[in-house]
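First comes the structure, then the notes that go with it.
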DNA sequence: GACTTCTGACTGACCAGTCAGTCATAATTT
DNA sequence: AAATTATGACTGACTGGTCAGTCAGAAGTC
């Protein structure tokens, strides 16, 4: 055979890509296992031996992909949050450019559905719960989460609400002053689902809809 | 020295009472220390050595009053919840017997003030947070809490709301179907206070009032 | 001095993080 | 294409430290 004076660059790149992909796969497997363990036990009580076993990997392997337990935890949260932010931003932005002014209510329904379907109905709700439960013990995380999610989200909600007030869709400025009131039921639904659902199941979608109907004038029925 | 033919029954009772009181005191001191540690670190990461140091007591002493770490934790929560339940029940019951039908809104203001003052403004908010954050990991606790607090509280709220609907004070039956919507902002306020207050302080009282104004028809201004 | 209460050094289980060694696969040589 | 060498991802036994829970004895009380 040709002496193949060193592998061609092409072949080498391909090889590297395969490696990377494998690596990314393993990383993802570890993250998935970590999500299950952390959301079941919490940060402090989760054991990396269990994460490794669940991922079908030796413990040492975890340390090839993550600096330590805390890094694994934080990267897990960040990786899961980003898609949700993007999703919400897309819906909020998309609804803002072209639709008619009085669309806030419709927009709210759509966002609520999305949230129920993509967060409350999936393991992502555990991510939110982890942020809520571990946040106070990880100042870095709380700060990141406030900066990247909370402050932006509330600002968006606030300007939307102000618009609706100006257009007469909302009569009170309560939601402008406290946009937290808009999302409060979503948090409550998450906590309910993870603690009390087995005693008394909650229809999160219906709850969110009832909430929205409450915020807007009630005589309009969709 | 006088042989003191055995302490008189009276003195003995007194003595026993003093003992009990001392014991109860020490117990209370330990519980207070435990509250601080647990709410700062969470159950798993809290160290009993620290609880002991904070209480000014040796570690062994804790085990004279509590079976183990978990018992200390659960008794802490239960002990702190009871007064709050009693308080809320008193207000709800008191307002129910004599005042005129349309008092729900006023009642809501009063309960909200009480909650802001007695829970959100004190360390009790940490108790609520601990229940929310550790609940999923302590099925016994979640079940106790659901049975003793949640189901009762929601039932009371629900019947109140139904009454208000019948009297025309509330136009929608959303709150009857989902009494969770009434308390959702309170939970949100607690989580906010413990995570984001340093970035953006929240006026919990104003938030609760705005919420109540939203629930009832907005044109009535108190 | 009998009894109770309290102490804090101690023990053993447990677990995050390490690292010497393995092995499948790729690169190179013949 | 067979043999040889190199690579680095992966492993899991091991270490060092931590901490819940214990217990022998000190301190206090009558």
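Residue A:197 to residue A:149: extension gain in nm, 0.36 nm per residue of separation minus the Cα-Cα distance?
Details: separation 48, 0.36 × 48 = 17.28 nm, distance 2.70 nm.
That works out to 14.6 nm of additional length.
What distance in nm separates the simple spin-label points at residue A:79 and residue B:114, each placed 7 Å from Cα in the Cβ direction?
4.8 nm
To one decimal in nm, how far is residue B:90 from the same spot in the other copies, if labels go 7 Å from Cα toward Cβ? Please give the shortest first.
In nanometres, ordered from closest: 5.4.
Give the nm distances, rounded to one decimal, from residue A:36 to the matching residue in every other copy, measuring between label points 7 Å along Cα toward the beta carbon; shortest first.
4.1
Would the range A:155-222 count as rounded, prolate or oblate if I go by the C-alpha gyration tensor, calling it rounded below 1.5 in a/c and otherwise prolate when a/b exceeds b/c, oblate otherwise? Write down the numbers at each step before the final one.
Working: a/c = 3.78, a/b = 1.85, b/c = 2.05.
Cα axes put the range A:155-222 in the oblate bin.
Which distances, shortest first and in nm, link residue A:109 to the matching position in the other copies, using label points set 7 Å out along Cα to C-beta?
3.5
Quick note: the coordinates plus some simple rules give every number you see, no bench work behind them. These numbers come from a predicted model, not from an experiment. Methodologically, a virtual Cβ is constructed for each residue, glycine included, from the backbone with ideal geometry; neighbour enumeration extends over all protein chains shown.
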